[in-house]
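Presented below is the structure to which this report refers.
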Amino acid sequence: MNVSGKKALVIGGTSGIGLAASKQLAALGATVVAVSRNPDRAGEIPKGITLQACDVLDRAALGALFKAHAPFDILVGAATGGTRARGTFIDMDIEAYKASFAKLWGYSNILQLGVPHMSADGTIVLVSGSPARKSKPGQVAIASVGGAVEALVRAVAPEIVPRRLNVVAPGTIDTPMSSLKGAEREEAYRKQTAKNLIPRAGTADEVAQGILFVIQNDFVTGTTVDVDGGWLLS
Ligand SMILES: NC(=O)c1ccc[n+]([C@@H]2O[C@H](COP(=O)([O-])OP(=O)(O)OC[C@H]3O[C@@H](n4cnc5c(N)ncnc54)[C@H](OP(=O)(O)O)[C@@H]3O)[C@@H](O)[C@H]2O)c1
């Protein structure tokens, strides 16, 4: 797809990976609506992007948003959706584990409510994460959710042809998702990535390049593109 002149909705498009994807799409001439619960936190936004408030878990509001922008061509789901349970599974609070699946329900809402409002050659991208296919101790919740997201994509892609649906799976990425600051932040990323083939945190722009690749390449659907610094081989 040549994104110039196309209309894109980026859910979770006001921070980190989603914001980087919004900016790359706008730089290539797409009209972008970047959506999140508190879009004012996005900071300065370049020409071509408008901000809109919506909670991905609010089906009525999300359905109305899609209807208002129909028809659109590009749909990106990058919203974290809620909290994550951490720690070893045996000791994990089961309610916190269940709550981690808010990301899956947000993505389910995006697909079910968004796809019917897309153009016939529309393309959709969701963001999972490397633990979906290689989990380290303490990552059971994000591994389970990411795995479910990837399975959802492989199951839904054949049902919505000719529209295309793909996943981008980031490794450790330096985004506002981490609230750590300064030396503490650097040390956390150093430790998390020390054994990766590329031992550093990736940038939101590097992941957005993966998102743009699956949007632009008309021969790619139902697949997962890893942007992970070699996490899967570490
Ligand atoms: N950073 C990493 O290391 C990493 C690694 C693997 C996978 N990922 C995945 O990549 C995606 C993007 O993460 P990120 O690092 O870019 O995080 P981020 O900087 O925290 O951005 C998350 C975005 O999601 C929005 N959001 C969260 N809950 C929402 C909801 N209920 N409804 C609507 N919007 C919502 C946030 O805005 P509001 O708060 O305003 O709603 C924000 O725009 C997530 O799915 C994350 O799980 C990230």
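The values are calculated or read from the model by the stated rules, or taken from the named source; none is laboratory data. For clarity, every value in this text was computed on a predicted model and none was experimentally measured. Don't worry about glycine lacking a Cβ; one is built from the backbone with ideal geometry, like all the others, and counts go over all protein chains shown.
If we keep just the residues of the range 37-75 that are assigned to a strand (DSSP E or B) and aliphatic (A, V, I, L, M), which is nearest to the chain's Cα centre (by Cα)?
Keep residues of the range 37-75 that are assigned to a strand (DSSP E or B), which gives 49-53, 72-75.
Still in the list and also aliphatic (A, V, I, L, M): 49, 51, 53, 74-75.
Working: Ile49: 18, Leu51: 17, Ala53: 17, Ile74: 13, Leu75: 10 Å.
Only one residue tops the list, namely Leu75.
Which numbered condition trips up Asn2, out of (1) part of a loop (DSSP other than H, G, I, E, B); (2) in contact with a helix residue (DSSP H, G or I) (Cβ under 7 Å, 6 or more places away or on another chain)?
(2)
Looking at the structure I just gave you, is Gly82 without any contact (Cβ under 8 Å) to a residue 40 or more places away in the chain and either crowded, with 20+ Cβ neighbours inside 10 Å or closer than 21 Å to Gly147 by Cα (or both)? I'd like the intermediate steps shown before the answer.
Numbers: without any contact (Cβ under 8 Å) to a residue 40 or more places away in the chain: yes; either crowded, with 20+ Cβ neighbours inside 10 Å or closer than 21 Å to Gly147 by Cα (or both): yes.
So Gly82 passes the test.
Give the residues of the range 192-218 that are closer than 22 Å to Gly29 by Cβ and out of contact with any helix residue (DSSP H, G or I) (no Cβ under 8 Å at 6 or more places or on another chain), sorted by residue number.
Let us first name the residues in the range 192-218 that are closer than 22 Å to Gly29 by Cβ, namely 204-218.
Glu206, Gly210, Phe213, Val214, Gln216, Asn217, Asp218, listed by residue number.
Scan the range 18-36 and tell me whether some residue there is outside any helix (DSSP H, G or I) and more than 23 Å from Asp205 (Cβ to Cβ). First the steps, then the outcome.
Initial filter on the range 18-36 (outside any helix (DSSP H, G or I)): 28-36.
Retained after the next criterion (residues that are more than 23 Å from Asp205 (Cβ to Cβ)): none.
No, that holds for no residue.
Does Leu180 count as surrounded by fewer than 19 Cβ atoms within 10 Å (Cβ to Cβ) and closer than 24 Å to Ala85 by Cβ?
When the stated conditions are applied, Leu180 passes them.
Where residues in the range 85-98 are part of a loop (DSSP other than H, G, I, E, B) and small (Gly, Ala, Ser), which of them is surrounded by the most Cβ atoms within 10 Å (Cβ to Cβ)?
Pass one, the range 85-98, residues part of a loop (DSSP other than H, G, I, E, B): 85-88, 92-93.
Narrowing further to those that are small (Gly, Ala, Ser): 85, 87.
Working: Ala85: 21, Gly87: 15.
Filtering the range 85-98 for residues that are part of a loop (DSSP other than H, G, I, E, B) and small (Gly, Ala, Ser), the one surrounded by the most Cβ atoms within 10 Å (Cβ to Cβ) comes out as Ala85.
Hand me the list of helices (runs of 4 or more DSSP H) wholly inside the range 116-234 holding 2 or more residues that are touching a Leu at 6+ places or on another chain (Cβ under 8 Å). Don't jump to the end; show me each part of the working.
Numbers: elements: 140-156, 182-193, 204-216.
By residue number, 140-156, 204-216.
Look through Val145, Val161, Val115, Val156 and report the one residue that is under 30 Å from Lys67 (Cβ atoms) and within 15 Å of the ligand (Cβ to nearest atom). Break it down into steps so the answer makes sense when it comes.
Working: Val161 fails: within 15 Å of the ligand (Cβ to nearest atom); Val115 fails: within 15 Å of the ligand (Cβ to nearest atom); Val156 fails: within 15 Å of the ligand (Cβ to nearest atom).
Answer to the selection: Val145.
Only one of these is at pLDDT 95 or above, in contact with a Cys (Cβ under 8 Å, 6 or more places away or on another chain) and surrounded by fewer than 18 Cβ atoms within 10 Å (Cβ to Cβ): Ala68, Ala61, Ala53. Name it.
Working: Ala68 fails: in contact with a Cys (Cβ under 8 Å, 6 or more places away or on another chain); Ala53 fails: in contact with a Cys (Cβ under 8 Å, 6 or more places away or on another chain).
Going through Ala68, Ala61, Ala53 in turn, just one is at pLDDT 95 or above, in contact with a Cys (Cβ under 8 Å, 6 or more places away or on another chain) and surrounded by fewer than 18 Cβ atoms within 10 Å (Cβ to Cβ): Ala61.
Return a yes/no flag: does the range 120-131 have any residue that is within 16 Å of the ligand (Cβ to nearest atom), surrounded by fewer than 22 Cβ atoms within 10 Å (Cβ to Cβ) and within 16 Å of Val167 (Cα to Cα).
Filtering the range 120-131 for residues within 16 Å of the ligand (Cβ to nearest atom) gives 124-131.
Narrowing the set further to residues that are surrounded by fewer than 22 Cβ atoms within 10 Å (Cβ to Cβ) leaves 131.
Those left that are additionally within 16 Å of Val167 (Cα to Cα): 131.
Yes: one or more hits.
Considering every residue within the range 101-114, establish whether at least one is part of a loop (DSSP other than H, G, I, E, B) and under 20 Å from Leu19 (Cβ atoms). If you could, list the steps in order and put the result at the bottom.
Narrowing the range 101-114 to residues part of a loop (DSSP other than H, G, I, E, B): 101.
Now drop any that are not under 20 Å from Leu19 (Cβ atoms), which leaves none.
For the range 101-114, residues part of a loop (DSSP other than H, G, I, E, B) and under 20 Å from Leu19 (Cβ atoms): absent.
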